[in-house]
Amino acid sequence: MATSRRVKTREQRRERRHRRVRAKVHGTSERPRLVVHRSINHVEGQVVDDVSGRTLVGLSTLDAGLREKRGEMNKTEASRAAGKALAEKARELGVTKVVFDRGGYVYHGRVKAFAEGAREGGLDF
């Protein structure tokens, strides 16, 4: 008798991968965690200190500064710009080193562009 496997949605599979990544990736006050969330149209990033449980800075492609330029960019270009803007905000707070949390997403496309933008903005990971 074959066992029945429950069909998992794409989001459930991503959350499972994210839990696996989070078991290994932790942010501290010296080196906080840069976490990425990707939706259909937008990308969001946050710099989180897991020890104190605080979000230090967050930014998405919905922010006012990026929204103006969003019409002339594709989603990948907007993700790179969001990563760069987040890095600049984080550097203003004195954060230069982070650990990258891809959030269960494949390191490709918009997630990769966000990470490269953050590196261009001055974050080290």
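Output the number of residues of region 43-83 satisfying the condition of being open to solvent by less than 80 Å² (accessible area, probe 1.4 Å), part of a loop (DSSP other than H, G, I, E, B) and in contact (Cβ under 8 Å) with a residue 24 or more places away in the chain.
Matching residues across region 43-83 total 1.
Specify the residue that is least open to solvent (accessible area, probe 1.4 Å); the eligible residues are those in region 11-42 that are of a type in the set (A, V, I, L, M, F, W, C) and without any contact (Cβ under 8 Å) to a residue 12 or more places away in the chain.
Just the residues of region 11-42 that are of a type in the set (A, V, I, L, M, F, W, C), to begin with: 21, 23, 25, 34-36, 40.
Adding the requirement that they be without any contact (Cβ under 8 Å) to a residue 12 or more places away in the chain leaves 23, 40.
Working: 23: 74, 40: 133 Å².
Here the residue is 23.
Take residue 119 and tell me if it is buried (at least 20 other Cβ atoms within 10 Å of the Cβ), at pLDDT 95 or above and assigned to a helix (DSSP H, G or I).
On the way: buried (at least 20 other Cβ atoms within 10 Å of the Cβ): no; at pLDDT 95 or above: yes; assigned to a helix (DSSP H, G or I): yes.
Taking the combined requirement at face value, the residue does not satisfy it.
Can you work out which of the residues in region 1-10 that are basic (Lys, Arg) and exposed (fewer than 11 other Cβ atoms within 10 Å of the Cβ) is nearest to residue 79 (Cα to Cα)? Steps first, answer last, please.
Within region 1-10, the subset basic (Lys, Arg) is 5-6, 8, 10.
Those left that are additionally exposed (fewer than 11 other Cβ atoms within 10 Å of the Cβ): 5-6, 10.
Numbers: 5: 36, 6: 34, 10: 22 Å.
The extreme case among them is 10.
Looking at region 84-101 only, could you name the residues that are open to solvent by less than 80 Å² (accessible area, probe 1.4 Å) and in contact (Cβ under 8 Å) with a residue 40 or more places away in the chain?
Once the filter is applied, which keeps residues that are open to solvent by less than 80 Å² (accessible area, probe 1.4 Å) and in contact (Cβ under 8 Å) with a residue 40 or more places away in the chain, region 84-101 yields 86, 90, 95, 98, 99, 100, 101.
Does at least one position in region 40-51 carry a residue that is on the phi > 0 side of the Ramachandran plot and either at pLDDT 90 or above or β-branched (Val, Ile, Thr) (or both)? Break it down into steps so the answer makes sense when it comes.
Residues of region 40-51 that are on the phi > 0 side of the Ramachandran plot, as a first pass: none.
There is no residue in region 40-51 that is on the phi > 0 side of the Ramachandran plot and either at pLDDT 90 or above or β-branched (Val, Ile, Thr) (or both).
Part of a helix (DSSP H, G or I), closer than 19 Å to residue 124 by Cβ and hydrophobic (A, V, I, L, M, F, W, C) - does that describe any residue in region 91-101? So that I can check it myself, show each step before the final result.
Quick first cut of region 91-101, residues part of a helix (DSSP H, G or I) only: 91-92.
Restricting the remaining residues to those that are closer than 19 Å to residue 124 by Cβ gives 91-92.
Within this subset, residues satisfying the condition of being hydrophobic (A, V, I, L, M, F, W, C) are none.
Checked region 91-101: no residue is part of a helix (DSSP H, G or I), closer than 19 Å to residue 124 by Cβ and hydrophobic (A, V, I, L, M, F, W, C).
The values are calculated or read from the model by the stated rules, or taken from the named source; none is laboratory data. Just so we're clear, the structure is a prediction, and the values are computed from it rather than from any experiment. Cβ sites come from the backbone with ideal geometry, for glycine too, and all protein chains shown count toward neighbours. SASA here: full protein model, heavy atoms, side chains in, ligands and nucleic acids out. Shrake-Rupley method; radii C 1.70, N 1.55, O 1.52, S 1.80 Å.
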